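Encoded as structure tokens, the structure appears first; notes follow it.
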Amino acid sequence: ATSTALVADAQLVVSGMSRQRGWVSVSVQTYQSHRTSAQRILQQEYTVDETGATLNALSRTSDAPEEEPEQQASTTPTTSIFIRDWKLSGRRAYIRYDNDNSSFWFNPVVNDDPRHNSVSGSDFPCSRGDIFLKLGMRGARLIPWQLKEGDVFRLGQAYVLVSKVRLTSDTTMDVSAFSPPPREQTAVLASTGTDAARDSAGSAESDDDEPPTPGSQRSSGAGEPSTPPPAHECYICYEAGEAGNPLISPCMCQGSVKFVHLNCLQRWIQPEGSSAVNTHCSICKGRYPEKAQAMMIRPPALLLESWSNHRALRLRHWVSFANHSTASLGRFTEHNDVVIPDHSVSGEHALIIHSGDQFWLHDRESSNGTFIRLSAPLKLAFGETLQMKMGKSLLSLQAKRSRWSRLRMRLNILRLGSAGPGGDDG
């Protein structure tokens, strides 16, 4: 009876309160290099309720007035959040409330137009208006993130694209373009060359006025059995090719080191105890073609493309998780499977962990942080603070529950408790 009375009193209290379930507190810090030192950091505070809000960028070169938009009180709900960026304008994201799951969502506006890329005429995958979520930094909360093909993440000021994902279920690659011709075909070619030599020798005899002396010998080799061409063999194990382990010629090597088994090369290009894969031949120093690289990599594997040194240096990295479940990324050559030479990248910056056909990105408490580009709606969990970067602005978002929402949760707990066996007895 006592618990039933408490539930009834709580229902009366909740009925007299506002039905707002919560709000999102948004803090925006923008670095403006054209201002004086006292005005370079612009701080703005916003509150977004269940009606939602849009995140708008204002360009200095646009028709918008030079003075900043009128700042509302941080506790007053707003429907527009403004970020001043000297190269960007328009809507970049919006915050909405979903009644079905009673949660706030952050929805980035993905711009796929290559004309808006920062580097014109290049394959750089990002634009200035992209929004990056902070996954970790020294002293900050660490957020593991599942990587998928097409994702872009930042290590400091270096950008990394997940260009390709290969799983165990991938089909076998076609090696016919890199395989030697069959031995029968080689023998036919050799015999064809011998017949041509005989014909040329015969024509030389017909043109000669004097017949050859009985003791003279022709160099045409007529009457001598043709020697079969030697079988191709692997320059690592000295064995011939097999149906399940063919010989291939993936680089510019010639002679006795031209052919190699696919399995032998797979073991050769990945050092023991490492997830990194060598994409250049150790003999001729030539780079393996992309199709050959895809054949030689043992899945599960990732193909990463990195842009560093102010996007002037572009590198490609194959990482295989066939022998090890983790791969390290950083600036140090000795301790990392993927080396990114950039001053903003920590010595041991991040990890990629393979688990159950999934790849997870983890920050290792780096100095300049690890960020992931947002390309899909992100749920804002109540009570958790998320930090994002867009251009020269840093956004901090935190979803909070209202008193009405918290009391409603407690009311549901009391209601469940009173409906139990103990409530029936009282």
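Bear in mind that the values in this text are calculations on the coordinates, not laboratory data. Please read all numbers here as calculations on a predicted model, not as lab measurements. Note that we place each Cβ from the backbone using ideal geometry, even for glycine, and neighbour counts take in every protein chain shown.
For Glu384 and Lys148, the FRET efficiency from 1/(1 + (r/R0)^6), where r spans their Cβ atoms and R0 equals 35 Å, is about 0.95.
Annotation: amide H-H contacts under 5 Å for Leu135 (H modelled 1.01 Å from N, sequence separation of 5 or more, or interchain): Thr370, Phe371, Ile372. Going from the residue with the fewest nearby Cβ atoms within 10 Å to the one with the most, Arg21, Arg403 rank Arg403, Arg21.
Positive contributions from Lys and Arg (+1) and negative ones from Asp and Glu (-1), summed over other residues with Cβ under 13 Å from the Cβ of Gln293, come out at +4. The GluC sites (Glu not before Pro) found in region 270-346 that occupy coil by DSSP, while having at most 16 further C-beta atoms within 10 Å, are Glu272, Glu334.
For Val277, the residues 5 or more places off, or on other chains, whose built amide H falls under 5 Å of its own are Trp318, Ser320. If the chain linking Glu242 and Cys284 were pulled fully straight, counting 0.36 nm for each residue of separation and taking away their Cα-Cα distance, it would gain 12.6 nm.
Length gained on full extension, Arg141 to Leu315: 59.7 nm, using 0.36 nm per residue less the C-alpha separation. Counted over region 231-309 with a bin width of 10 Å, the fraction of Cα pairs per bin, in whole percents, is 17, 50, 27, 5, 1. The order of Thr51, Thr78, Thr370, Thr333, going from fewest to most other C-beta atoms within 10 Å of their C-beta, is Thr333, Thr51, Thr78, Thr370.
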